[in-house]
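Just so you know, all these numbers are worked out from the coordinates, no wet-lab data involved. Worth saying up front: this structure is predicted, and the values here are computed from it rather than measured. As a convention, Cβ positions derive from the backbone with ideal geometry for all residues, glycine included, and neighbour counts pool all protein chains shown.
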Ligand SMILES: Nc1nc2c(c(=O)[nH]1)N[C@H]1C(S)=C(S)[C@@H](COP(=O)(O)OP(=O)(O)OC[C@H]3O[C@@H](n4cnc5c(=O)[nH]c(N)nc54)[C@H](O)[C@@H]3O)O[C@H]1N2
Ligand SMILES: Nc1nc2c(c(=O)[nH]1)N[C@H]1C(S)=C(S)[C@@H](COP(=O)(O)OP(=O)(O)OC[C@H]3O[C@@H](n4cnc5c(=O)[nH]c(N)nc54)[C@H](O)[C@@H]3O)O[C@H]1N2
Ligand code: SF4
Ligand SMILES: [Mo]
């Protein structure tokens, strides 16, 4: 029997501790289960986290590949690295720092993310560096900076049992964050506790909620303002907290819309507005996800949710704004990847911080770009203009970015190095493919959504052409910018380097070491000393304890301090923008895209059946009935499952593309909405590249589409594939 190795699940940002075991023979993992001694999950785990860790679908990359005569052919790791270094190096030499773009990911260890940032900013000096985390959490991050002068949610998992109201707004944790959702449900099951879901779709989470508030897609900012207006009208403002700990309330109040008008814009009844208003009076955790962030109004809407917490004094233990981070190490990339800020959330433009980072890296500060860049969509736009070569690590932009036809066209014309564990759609556009080890095969750390750092550990070996992300980044750096790293960067020394860089910053990890993680399993930042780990942020309880049953019922000697200039939290001022692509006569439906419980992101590890299944309401289905078709030879039901009885096919058409889909009728979907999972590589052909100008996050959640009959050849292909 092989050893049980403790590690952390890298599927979602709940960050459950696992124990894993290598198989007796060969590669991969023999078994995986929840780690009873891990402080985050105490042995809990979700079935998908376990099965996708132990035995993912998808085609593993086991050998390096290079493009020869148009084809990707196997080669040695040395010659792949040479070719990659030559392509990236030539661009840098001929055309300067900004000719190379780097795309990172929230699915790397802290060590790899830090090293990639060091190479991109300190080695190449490019402004065209970003990560898929901007497609995901950027709006929440920007809103946290606006409100608190610092990133990351104030609450932790410890607050979940203490809260009485749980508002889940634009998120579906039943599918996306299963173990955390268990805690939320448990807490909401207490007497006097409640779970409220705000979502246009009657999601899996709404299904088990006490109350579902359906709203128009994109109606979030208007609804949040309507609720705030009612909080004020009904005297539920926590005046003492607002006076003592915040700025900007009066300006916001003067600017608020009429509650009834705003509610109507959001498509929500006043009864539902008042339900939310009442519920906020109890200690409330307000969780949100992609339904809020992925919008041209993402920062404004996230800010408006934080405002609701501030106005009602829900900024104490057992309450507060809690964005649900998606990828396992999105939070880590926010702290250490030098993407939007330098390690430890050091402000990007601050000359002192730039100097300190450059000194640690031993590079000239003049090499650093002046600004952090235009975001992933802007980077793709710059290909063929400033950008000649792209290095993509642990991300699949050909499927994950909006308007992917454009992404593919652009990548065709760039020298592309792809570093991935699986054969993704982006691999097909690569000039060089570097096969990376993934979790279960790498050493390092990850940081979950409540700021807890935990070890990721290898339990198994990899084939000889496969290396860890950190090793590959080091290998490339060696050939392009020698001396940036030690000859072979070791995870522990890389961790120590970046932890030291965070000393004295708001995201201080300097008290965390591998030894400490070995002893304690997991440590939450800020952790400025070896015996310190953080709990609720920005808050000091005094001695009166923290027992309370309403937000009025708080200890007298509590206090707050924030990283803003005034030391107080700031109410937001975000203005509402119109949806970038409202429905009209030609495109009468709103396409929304979201997650299913049984698949992950672009589906690289959880391959989809063809074609993707679009869900529509019965009324929408009736309206488009004439445009749908059963497959060529009658139904597929002869061959396929019973559930396929009566399956119909159609084509979802947006201004950018058309995609053949299977259409399913589902009461959960509101009229006029077409729902598609994000897990199929065709889906983002349909979406539009508009972004929130504050956060650069794309408006993935709404665009205008119509349904057309499927093309005959598509129907035939589907029937053949399933035969
Ligand atoms: N099973 C599974 N789990 C995952 C992932 C996965 O792919 N599969 N991915 C991980 C990642 S990277 C992330 S970011 C998280 C994401 O986790 P979530 O944020 O929960 O993700 P989504 O399913 O994209 O969207 C959440 C909800 O937003 C709703 N929504 C759509 N439009 C609107 C709107 O206009 N307003 C409001 N209020 N809601 C709207 C959708 O109906 C959906 O129920 O999940 C993580 N966990
Ligand atoms: N329409 C629509 N589009 C969306 C979204 C949406 O809600 N709607 N959500 C957005 C969100 S929230 C996200 S996070 C993005 C994700 O967008 P992408 O990053 O484009 O998609 P993923 O499928 O997460 O791709 C991750 C890649 O990393 C690889 N990988 C996994 N582990 C490792 C590793 O350890 N090392 C290396 N080198 N590779 C590894 C996987 O094989 C996979 O190819 O999608 C975004 N796109
Ligand atoms: S909840 Fe998330 S971190 Fe926990 S086991 Fe499931 S996928 Fe992994
Ligand atoms: Mo995400």
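Averaged over residues, the count of other Cβ atoms within 10 Å places the peptides 439-445, 265-271, 96-102 in the sequence 439-445, 96-102, 265-271, highest first.
Note: relative contact order over region 138-323, using C-alpha pairs below 8 Å and six or more positions apart, is 34 percent. Here the Kirkwood formula puts the hydrodynamic radius of region 589-722 at 15.3 Å, using every distinct Cα pair.
The simple spin-label model puts a point 7 Å past each Cα toward its Cβ; for residue 575 and residue 82 those points are separated by 5.8 nm. Any chance you could check the Cα centroid distance between region 160-215 and region 49-100 for me, in angstrom? When both Cα centres are located, 42 Å separates them. In this rough spin-label picture, where each label sits 7 Å from Cα along the Cβ direction, the residue 405-residue 586 distance is 1.3 nm. For residue 94 and residue 362, the FRET efficiency from 1/(1 + (r/R0)^6), where r spans their Cβ atoms and R0 equals 25 Å, is about 0.50. The translational diffusion coefficient of region 4-54, from Stokes-Einstein at 25 °C and 0.890 mPa s with a Kirkwood hydrodynamic radius over alpha carbon pairs, comes to 228 µm²/s. In terms of surrounding Cβ atoms within a 10 Å radius of their Cβ, 137, 290 rank from fewest to most as 290, 137. Antiparallel beta bridges, as assigned by DSSP with both residues in region 406-461, represent about 50 percent of the total such bridges. So in region 589-722, what percent of DSSP beta bridges are antiparallel if you round to the nearest 5? Of the beta bridges lying entirely in region 589-722, close to 60 percent run antiparallel. So if we plug the beta-carbon distance of residue 625 and residue 515 into 1/(1 + (r/R0)^6) with R0 = 51 Å, what FRET efficiency do we get, rounded to 0.05? Efficiency, from the Cβ-Cβ distance: 0.20. The simple spin-label model puts a point 7 Å past each Cα toward its Cβ; for residue 561 and residue 350 those points are separated by 1.5 nm.
Overall shape: oblate for region 31-160, with the ratio a/c of the largest to smallest alpha carbon gyration tensor axis at 1.5 or above and b/c at least equal to a/b.
For region 138-323, the gyration tensor built on C-alpha atoms gives a rounded shape. Its axis ratio a/c (a ≥ b ≥ c) stays under 1.5. Placing a label point 7 Å from the Cα of residue 371 along the Cα-to-Cβ line, the residues of region 90-108 whose backbone N sits under 17 Å from it are 98-99. Of all beta bridges that DSSP places with both ends in the chain, some 50 percent have antiparallel geometry. Listed peptides 571-581, 480-490, 380-390, 146-156 appear in the order 146-156, 380-390, 571-581, 480-490 once ranked by packing, highest mean of other Cβ atoms within 10 Å at the front. Listed from fewest to most Cβ neighbours within 10 Å, the set 114, 157 follows the order 157, 114.
Based on the reciprocal of the average 1/r between different C-alpha atoms, the Kirkwood radius for the chain equals 26.1 Å.
Rounded to the nearest 0.05, what FRET efficiency do residue 598 and residue 62 have when you use their Cβ-Cβ distance and R0 = 30 Å? With R0 = 30 Å, the Cβ-Cβ based efficiency is 0.70.
Highest mean packing first, where packing is the average number of other Cβ atoms within 10 Å per residue, the peptides 14-26, 396-408 line up as 396-408, 14-26.
Computed over region 218-267, the quotient of the alpha carbon radius of gyration and 2.2 N^0.38 Å is 1.19. Each helix, a run of at least 4 DSSP H residues, gives -39500 (n - 2.57); summed and divided by the residues of the chain, these come to -8500 deg cm²/dmol at 222 nm. Residue exposure proxy: 342, 560, ordered by other Cβ atoms within 10 angstrom of their Cβ from fewest to most, comes out as 560, 342. Separation of region 1-36 from region 433-502 is 18 Å, based on Cα centroids.
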